[in-house]
Amino acid sequence: METDDQLLAEFRQLWADADRIWEREDKHPAFEAYVSADYLSVFQNLQNLKGQAVSFLEWGSGLGVVTIMASRMGFDAYGIEAESNLVDYSMDLAEAYGSDAQMVHGSFIPDEFVWNPANGDEAIRTTIDAPDGYAQLDLDLCDFDLIYAYPWPTEHALYHNILREFGGPNVRLLSYDAREGIALVPFGV
Ligand SMILES: C[S@@+](CC[C@H](N)C(=O)[O-])C[C@H]1O[C@@H](n2cnc3c(N)ncnc32)[C@H](O)[C@@H]1O
């Protein structure tokens with residue numbers, strides 16, 4: 001069993017590998033909506049949540065870094081990503097870093113979700129017209145205890161609306177925001 005320091009040292013290599021891919025592929029259309037979170041901050045928040053959640057889902061898993069960290073920290077970790085190139089990169093990184101995380105190509109927005117701007121639904125960087133990825137995971141959104149996402153600042157309402165309607169009774173959203181940092185939002189009844 002690795003110590004937290006050993007795990008963090010491995011994760012720092014994972015972050016560097018992911019950043020190298022991003023720098024190299026920056027201009028590729030698949031990376032248009034991709035920005036990486038502050039991985040250290042996400043890691044520290046996941047550490048605080050160990051033992052409080054079992055199943056973890058990253059919405060828009062990008063290069064898979066957060067999902068891979070979550071799986072290595074003991075969560076049952078999954079990711080859904082709209083860009084297939086990014087899914088391919090993320091599965092390669094998962095293999096390289098000894099993670100059994102599963103990342104699939106699709107949308108995290110359930111097909112049944114009905115778009116309603118009157119409720120604050122707004123999308124700037126989030127893909128809204130792709131089929132969802134839940135069937136590929138053989139899981140529904142309500143099966144997850146902890147969701148992690150990095151929405152555009154004006155997209156938080158959309159993400160919350162989806163979880164209010166389709167999340168499980170005890171689901172929590174760990175969200176990263178470039179300006180506000182990390183927030184943990186409960187949706188329990
Ligand atoms: C801001 S990046 C965040 C990447 C990673 N989650 C992180 O925190 O470092 C958002 C990612 O969500 C993906 N994305 C956008 N809309 C999506 C959707 N409806 N379903 C799945 N992925 C989506 C983008 O392709 C991009 O990789």
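Some observations on this one:
- Residue within region 171-184 that is closer than 29 Å to Ile21 by Cβ, among the hydrophobic types (A, V, I, L, M, F, W, C), surrounded by fewer than 16 Cβ atoms within 10 Å (Cβ to Cβ) and at pLDDT below 95 present: yes
- Set side by side, the residues Val35, Val54 differ, and just one is within 12 Å of the ligand (Cβ to nearest atom), more than 13 Å from Leu174 (Cβ to Cβ) and of a type in the set (A, V, I, L, M), which is Val35.
- Wholly within region 1-92, helices (runs of 4 or more DSSP H) carrying at least 3 residues that are within 22 Å of Asp140 (Cα to Cα): 65-72
- Test: residue in region 123-132 that is basic (Lys, Arg) and under 22 Å from His105 (Cα atoms): yes
- Near pairs, Cβ below 8 angstrom, 6+ apart or cross-chain, from region 68-91 (under 15 Å from Glu10 (Cα atoms) and more than 12 Å from the ligand (Cβ to nearest atom)) to any residue that is at pLDDT 95 or above and of a type in the set (Gly, Ala, Ser): Ser71/Ala77; Ser71/Ala94; Ser71/Ser99; Ser71/Ala101; Arg72/Gly98; Arg72/Ser99
- Hits in region 22-57 (condition: at negative phi and of a type in the set (Gly, Ala, Ser)): Ala30, Ala33, Ser36, Ala37, Ser41, Ala53, Ser55
- Residue, surrounded by the fewest Cβ atoms within 10 Å (Cβ to Cβ), within region 92-115, restricted to residues that are farther than 24 Å from His160 by Cβ and within 13 Å of the ligand (Cβ to nearest atom): His105
The values are calculated or read from the model by the stated rules, or taken from the named source; none is laboratory data. Owing to the predicted nature of the structure, the values given are computational and were not obtained by experimental measurement. Neighbour counts run over all protein chains shown; Cβ positions are idealised from the backbone, glycine included.
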